[in-house]
1. At 1.4 Å probe size, put 213, 208 in order of accessible surface, largest to smallest.
2. What size of dipole, in debye to the nearest 20, comes out for segment 65-179 about its Cα centre when the only charges are +1 on Lys and Arg C-beta atoms and -1 on Asp and Glu C-beta atoms?
3. Any idea which of 36, 238, 220 is furthest toward the positive side of the dipole for the chain, if Lys and Arg beta-carbons carry +1 and Asp and Glu beta-carbons -1?
4. Express the relative contact order of the chain as a whole percentage, based on alpha carbon pairs under 8 Å and six or more residues apart in sequence.
5. Please give the calculated 222 nm ellipticity per residue for the chain, where each DSSP H segment of at least 4 residues contributes -39500 (n - 2.57) and the sum is spread over every residue; nearest 500 deg cm²/dmol?
6. Can you compute the charge dipole magnitude of the chain about its Cα centre, using +1 on each Lys and Arg Cβ and -1 on each Asp and Glu Cβ, nothing else charged? Give it in debye, rounded to the nearest 20.
7. Which one is right for this structure if Cα Rg over 2.2 N^0.38 Å is calculated from it: [x] 1.19; [y] 1.12; [z] 1.04?
8. Sequence neighbours fewer than 8 away in the same chain don't count; with that in mind, list the lysines whose C-alpha is under 18 Å from residue 181.
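The values are calculated or read from the model by the stated rules, or taken from the named source; none is laboratory data. Given the structure is predicted, the values throughout are model-derived calculations rather than measurements. With ideal geometry, Cβ positions are generated from the backbone for all residues, glycine too; neighbour counts draw on all protein chains shown. These area figures cover heavy atoms from the full protein model, side chains too; ligands, DNA and RNA do not enter into them. Shrake-Rupley method; radii C 1.70, N 1.55, O 1.52, S 1.80 Å.
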Amino acid sequence: VCAGRGLTNAKSRFEMSGDDYATDTAKDGPIDMLGFIFTPYNDGQYNIKTQVYHANNLPGFTQETMGKIQAGTPEDSNGLEDHGELSNATVSMEIDGIGNMVNDYLDGIKVFGSYSMSQTTPNKDMKMLGSDKKQKGHSYWAGVSLPGFFKDGESFGLEYNQGSKYWRSFTYGEDTLLGSKIAARGKAYEAYYNLPLIDQALTFQLRYTYIKYEYTGSNNFFGQDGAPVSMADAKASPQMNPVESAQALRATLRYQF
């Protein structure tokens with residue numbers, strides 16, 4: 001079981017008024033999330049996992065507020081409102097080793113695949129992701145990790161993600177400059193190389209990520225700002241300046257003690 005709460009309606013630290021953490025009635029209440037994780041099968045080689053969660057009070061901007069922001073009205077830039085709820089279900093499978101003790105190389109291969117489905121439920125008189133109806137989205141994620149050839153612990157990896165028009169993830173904790181590839185409404189490709197320098201205490205990783213967006217609004221908030229617009233329509237709009245693709249190259253040294 002997993003649960004969380006965030007974005008409370010308290011004033012933040014070091015408010016000019018001095019009312020740190022006092023209740024702000026102009027802000028929406030907190031987001032509450034509840035989820036369940038179930039592993040129906042795991043024998044050490046084949047591992048199947050399932051997860052469902054539900055979150056409420058999800059924030060976003062209305063069409064009116066978005067228009068004012070685009071027109072350059074700064075006092076409306078913080079007008080987030082509660083737009084509705086989000087449900088998500090995921091099933092994934094990981095295979096740790098191909099075959100049954102065929103050889104050391106096949107034993108070191110890891111393959112995984114995952115399918116997720118999301119559904120929005122707008123509040124009455126609100127539009128969630130730009131729609132006043134429930135909208136379903138889905139995402140595929142697959143990957144493989146292959147052992148290296150020169151050193152124990154060395155590995156190569158390839159991953160692929162694809163998200164649909166109304167796909168919604170809950171991956172705001174992503175810590176890379178590019179943002180979450182899992183949230184992409186489009187296609188994402190990733191390749192990485194891991195090298196242990198001193199056993200597992202000091203390791204090096206080189207990672208490349210490329211995302212090709214098919215719709216706007218990936219990982220935006222849940223109102224009009226998160227509405228999916230096809231890339232062709234977004235490029236033709238004088239009010240939009242869409243990001244068509246993004247890429248990142250990252251080198252990491254990690255010391256574990």
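1. My answer, sorted largest first, is 208, 213.
2. Details: 10 positive and 16 negative charges, 132 e Å.
Dipole size: approximately 640 debye.
3. Toward the positive end, the furthest listed residue is 238.
4. Working: 627 pairs, mean separation 34.2, N = 257.
Value for the chain: 13 percent.
5. Working: 3 runs with 18 residues, N = 257.
Only helices count here, giving -1500 deg cm²/dmol.
6. Values: 23 positive and 30 negative charges, 114 e Å.
Roughly 540 debye, rounded to the nearest 20.
7. Correct label, based on the coordinates given: [x].
8. Within reach: 165, 212.
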